[in-house]
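The structure under discussion appears below in the form of structure tokens.
The values are calculated or read from the model by the stated rules, or taken from the named source; none is laboratory data. Treat the numbers as computed from the prediction; the structure is a model and nothing was measured. No Cβ is skipped: glycine too gets one built from the backbone with ideal geometry, and neighbour counts run over all protein chains shown. For accessibility, only protein heavy atoms count, side chains too; no ligands or nucleic acids. Shrake-Rupley method; radii C 1.70, N 1.55, O 1.52, S 1.80 Å.
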Amino acid sequence: MDVSFLGGPQPQAGVGVVAPFDFALDRELWRWVPDDVSLHLTRTPFVPVEVSLDLARMVSEHETLRAAVGTLCAVSPEVVAYACTSGSFVSGVAGERAMRAAMAQAGGMPAVTTSGALLDALGELGARRIAVVTPYTKSVTDALEVYLAEAGVQVTGRSYLGLTREIWRVAYRDVVDMARAAAVGAPDALFISCTNLPTYDVIPQLEAELRMPVVSANQVTVWAALRSLGKEAVGPYQALLDPAARRGPASLPPAVPAQPAAPVAPPVPAVAVAPVAVPQDAADPAETDIVPQDAIDPAAPDDDR
């Protein structure tokens with residue numbers, strides 16, 4: 001059968017991705033990618049260290065990055081992205097810039113990192129005060145806050161899980177619960193950290209509920225890599241990617257809880273009904289550093305990531 005009418009595969013722009021050895025969300029990255037772009041992933045070598053600041057330093061060493069970029073050059077990507085939040089903020093703003101320079105030199109192509117892309121995304125949204133959600137422990141979350149402060153971004157509230165492994169198994173409902181807890185202090189936006197934390201489907205829901213832009217590690221990584229090629233990431237109803245979403249609920253001020261109307265007694269009640277007490281939430285709404293205990297994987301040690 002003659003299939004010449006198909007014309008062959010359409011040209012593809014290539015994005016090389018360097019991820020840590022434990023990265024498990026390849027499919028999530030692809031969801032932001034248009035049809036005329038291909039991702040080419042490689043991983044850093046395995047090391048027997050759980051998610052922590054030590055691991056972040058190991059998977060972001062320049063020698064490791066150069067070797068990973070070198071393996072990607074065989075398929076000729078047009079840009080390379082380092083898909084790891086903690087690995088790209090652990091050495092501060094200057095360290096992130098040095099990482100990009102090392103990758104760009106090794107591959108002879110533009111390079112982006114997750115943490116650098118985050119700063120670019122916050123600039124695009126005009127966000128200088130943000131809430132932060134992480135799966136990490138306190139020490140790694142603290143390091144993220146230090147990185148953001150160095151870049152002139154204030155953290156108004158945060159929530160974290162304390163996990164050191166298998167972060168990709170966290171359920172969407174736990175991400176949503178953390179976001180609700182962190183979104184205090186009238187932030188301009190909310191950031192969900194860690195490229196191993198699933199976020200694609202919760203972003204529109206959170207933007208509509210919290211009435212602010214929500215960005216995630218994988219989202220900003222793909223967005224920045226594609227933007228360097230003159231391409232647009234695919235993400236309906238996500239304020240960073242969709243102008244309509246940016247003018248929608250994400251642009252509205254936070255909703256003010258409606259005050260209950262005063263009860264009106266019927267003129268001649270046939271039966272008197274005793275009111276039922278409604279238990280009040282005992283949580284302090286002003287808390288800005290919350291670890292949801294029911295969201296922690298009981299099998300996971302409470303160390304660092």
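Against the definition (farther than 30 Å from residue 40 by Cα, open to solvent by 60 Å² or more (accessible area, probe 1.4 Å) and of a type in the set (Gly, Ala, Ser)), how does residue 182 come out, yes or no? Spell out how you get there, then give the answer.
Values: farther than 30 Å from residue 40 by Cα: yes; open to solvent by 60 Å² or more (accessible area, probe 1.4 Å): no; of a type in the set (Gly, Ala, Ser): yes.
No.
I need the full set of residues from segment 18-38 which are under 17 Å from the mean Cα position of the chain (by Cα) and either in a helix (DSSP H, G or I) or charged (D, E, K, R) (or both), in order please. Reasoning before the result, please.
If we filter segment 18-38 for residues that are under 17 Å from the mean Cα position of the chain (by Cα), which is where we start, we get 18-20, 22-33.
Within segment 18-38, 22, 26, 27, 28, 29, 30, 31 meet the criteria.
For segment 142-165, which positions are open to solvent by less than 60 Å² (accessible area, probe 1.4 Å), in contact (Cβ under 8 Å) with a residue 24 or more places away in the chain and not aliphatic (A, V, I, L, M)?
147, 152, 156, 157, 158, 159, 160, 162, 164
Return only the number of the condition from (1) under 16 Å from residue 134 (Cβ atoms); (2) in a loop (DSSP other than H, G, I, E, B); (3) modelled with pLDDT of 80 or more that residue 302 does not satisfy.
Failed condition: (3).
What number goes with the only condition from (1) open to solvent by 10 Å² or more (accessible area, probe 1.4 Å); (2) at positive phi that residue 194 does not pass?
Failing condition for residue 194: (1).
Scan segment 5-17 and tell me whether some residue there is under 19 Å from the mean Cα position of the chain (by Cα) and not in a strand (DSSP E or B).
Checking segment 5-17: not a single residue is under 19 Å from the mean Cα position of the chain (by Cα) and not in a strand (DSSP E or B).
Between 219, 205, which is more than 15 Å from residue 84 (Cβ to Cβ) and either acidic (Asp, Glu) or at pLDDT 95 or above (or both)?
The unique qualifying residue is 205.
State all residues of segment 120-141 that are open to solvent by less than 30 Å² (accessible area, probe 1.4 Å) and under 16 Å from residue 179 (Cβ atoms); if no residue qualifies, say none.
Start the filter on segment 120-141 by keeping residues that are open to solvent by less than 30 Å² (accessible area, probe 1.4 Å), which leaves 121-122, 127, 130-137, 140-141.
Answer for segment 120-141, where residues must be open to solvent by less than 30 Å² (accessible area, probe 1.4 Å) and under 16 Å from residue 179 (Cβ atoms): 127, 130, 131, 132, 133, 134, 135, 136, 141.
Please enumerate the residues belonging to segment 224-250 that are under 22 Å from residue 76 (Cβ atoms) and part of a helix (DSSP H, G or I).
224, 225, 226, 227, 228
Conditions (1) open to solvent by 10 Å² or more (accessible area, probe 1.4 Å); (2) modelled with pLDDT under 95; (3) not in a loop (DSSP other than H, G, I, E, B), marked per residue:
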residue	(1), (2), (3)
49	yes, no, no
67	yes, no, yes
96	no, no, yes
102	no, no, yes
105	yes, no, yes
118	no, no, yes
